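Structure first, commentary second.
Every number in this text was worked out from the coordinates using simple rules, so none of it is lab data. Keep in mind that what you see is a predicted model, and the values were worked out from it rather than measured.
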Amino acid sequence: MFAYSLLPKSAIKAILHASKYPHSTVIGLLLGSIENESVSISDAIPLVHHWSDLSPMLEAGLAIADGHARSSNLMIVGTYVARARLDDRALDWVSQQLNSLLEFKHPIALVIDNTKLRKAENPFIPFLMTDSQGSWSNATPNQFNYTPSKTLTSCQPTDLADFDDHLEDIGLDWLVNPSVTVVSS
């Protein structure tokens, strides 16, 4: 059984992405490293806010992000999604299908509970694939570790770029988002 730890940088990028586009469904990728059955999610790549279905743009972004992850000695270990509707906390079909395309066969899917974004609560609802047929269920506390901390960032949601933003302005670095810095206190 795999255990997943979400590190501050990846959490902040996912939260900034959801906060930047509260009117849209956003999808992003989780990057990490695997040692034995422990998955450390150390970064996130904001993928889309326009093309939130299985489109050629989503697949192109996934392919580019996969190359970036490999060059950074990381692996795409899952996805995150924040739905446009505040009350939608279910794992959607697109996220399930996107995770099935990943090389890592034990991906995690994080659904962001938008109602918790402005609170000091954990906004992430973790789902794990339970079998090779693509069934999903909620992760147990033993399987997913994220504790909202006093991690600080001076970044605003507008500092973050996703692949859709990059398509509109190729000068935006959506893979690294160098303006997103994390300071642990």
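Dividing the convex hull volume of the Cα atoms of the stretch 102-181 by its residue count, what figure in Å³ per residue is obtained? Before the final figure, lay out each step's value.
Numbers: hull volume 12.1 nm³, N = 80.
Once divided by residue count, the hull of the stretch 102-181 is 151 Å³.
Taking only the Cα atoms of the stretch 51-98, how large is their convex hull per residue, in Å³?
Expressed per residue, the convex hull around the Cα atoms of the stretch 51-98 is 79 Å³.
Given the chain, what count of lysine pairs have C-alpha atoms under 25 Å apart, with each pair 8 or more places apart or on different chains?
Lysine pairs satisfying the spacing and distance rule in the chain number 14.
Please work out the Cα convex hull volume for the chain and give it in Å³ per residue. Provide the component values of the computation, followed by the final result.
On the way: hull volume 21.1 nm³, N = 185.
Hull volume over Cα atoms, normalised by residue count, gives 114 Å³.
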